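S.K.: This is the structure I have questions about; it appears just below.
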Amino acid sequence: MTGTLPPALCQNMPNLSMIKLRGNQLTGPVDQLLNCTALTQLDISSNNFSGPLPSAANIWDWQRLEALDFSHNSFEGTIPDVLTALPVVGYLNAGHNRLTGTLHRSITLMQYLRHLALDHNQLTGHIDENIWFLPQLSVLDLSHNKLSGTISRVAGLSFGIQQIVLHNNSLVGSLPPNLGLLKDLTLLDIRQNPAMKSCGQGTTSSPTCSAEQLLPCFLKFGDALVPQTDGSNMSCPAILRRPRDEAVHACAGNGSAQLVSNCMDSV
């Protein structure tokens, strides 16, 4: 399908609760969708929509909206504060667009947010540490942006998170040791952040690290080699979580031994 959205879309459809237009070649702005006040799900991904994301005052009429997918379009401009204030949104995907600006602190008001994907944009600035306190957050994908700064130590308090995807940014510093507290974490991807260090402070003139310095203190290399699945015919040592007592000892110098001990005691 091609063309633009009809100007009168939803004006005579008071009960329309779901719109799914994924995978077409629709173009133009999407402000017409603000007339759809009964929406619970909106998926307009993989089209050629452009212009800014909806930000008009009547966006507050989207009070029932739970899932919002703007991904794989050509939207540009900043993420409007009013969009992040929608009360019950649990899924927000605006990845693969041309969005700029910073990640506003207002996004941390989305108390029902479970899945946040803003990857493949041009976002800048730091990752606000308050994002780690979103109580329902399970997936955070901010990869392929221009984000800078460090990963806050409070990331280890985001106990329900399962996937942290931050690769291809300009992050600095090292991994917070208390990431070892995230018992539900299944994916941590921070590839291609060249200024991040696994060896504490380190220096670029001394790039060689010991095996113990290459991982956060709560992890270690095992003896077994695991074949890679990327066609490289390479094998790498398995990465294992240290047992409780060993992790407490290894992390003692990082100021996180008590946190690790408390975590292990609760398992």
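The values are calculated or read from the model by the stated rules, or taken from the named source; none is laboratory data. Just so we're clear, the structure is a prediction, and the values are computed from it rather than from any experiment. Here the Cβ positions follow ideal geometry from the backbone for every residue, glycine too, while neighbour counts run over all protein chains shown. These accessible areas exclude ligands, DNA and RNA; they are computed on the full protein's heavy atoms, side chains included. Shrake-Rupley method; radii C 1.70, N 1.55, O 1.52, S 1.80 Å.
S.K.: Tell me the label only: which of (i) 16.7; (ii) 19.8; (iii) 15.2 is mean projected area of the Cα convex hull in nm² as calculated from this structure?
M.R.: (i)
S.K.: Let me ask you something else. Under a cut-off of 25 Å between alpha-carbon atoms, report the lysines in cross-link reach of residue 183, not counting same-chain residues fewer than 8 places apart.
M.R.: Here the lysines satisfying the reach criterion relative to residue 183 are 197, 220.
S.K.: Using the Cα centre of the chain as the reference point, and only Cβ charges (+1 on K/R, -1 on D/E), how large is the resulting charge dipole? Debye, rounded to the nearest 20.
M.R.: That gives a dipole near 160 debye.
S.K.: What is the local net charge at residue 51, summed over the other residues whose Cβ is closer than 12 Å to its Cβ (Lys, Arg +1; Asp, Glu -1)?
M.R.: -1
S.K.: Let me ask something additional. So, by mean Cβ neighbours within 10 angstrom, what's the order for 216-228, 183-195 with the highest one leading?
M.R.: Per-residue mean Cβ counts within 10 Å order the peptides as 216-228, 183-195.
S.K.: Could you state the accessible area per residue of segment 46-86 in Å², with a 1.4 Å probe and every protein chain left in place?
M.R.: With the other protein chains kept in place, segment 46-86 gives 39 Å² per residue.
S.K.: Right, next: How much of the accessible area of the chain, in percent, comes from carbon and sulfur atoms when a 1.4 Å probe is used?
M.R.: On the way: 7120 of 13690 Å².
Carbon-and-sulfur percentage of accessible area, whole number: 52.
S.K.: Considering only the other residues whose Cβ falls under 15 Å of the Cβ of residue 24, what net charge follows from Lys and Arg at +1 and Asp and Glu at -1?
M.R.: 0
S.K.: Give, as a single signed number, the net charge of other residues whose beta carbon lies under 15 Å from the beta carbon of residue 1, with Lys and Arg counted +1 and Asp and Glu -1.
M.R.: Values: positive: 20, 22; negative: 43.
Net charge around residue 1: +1.
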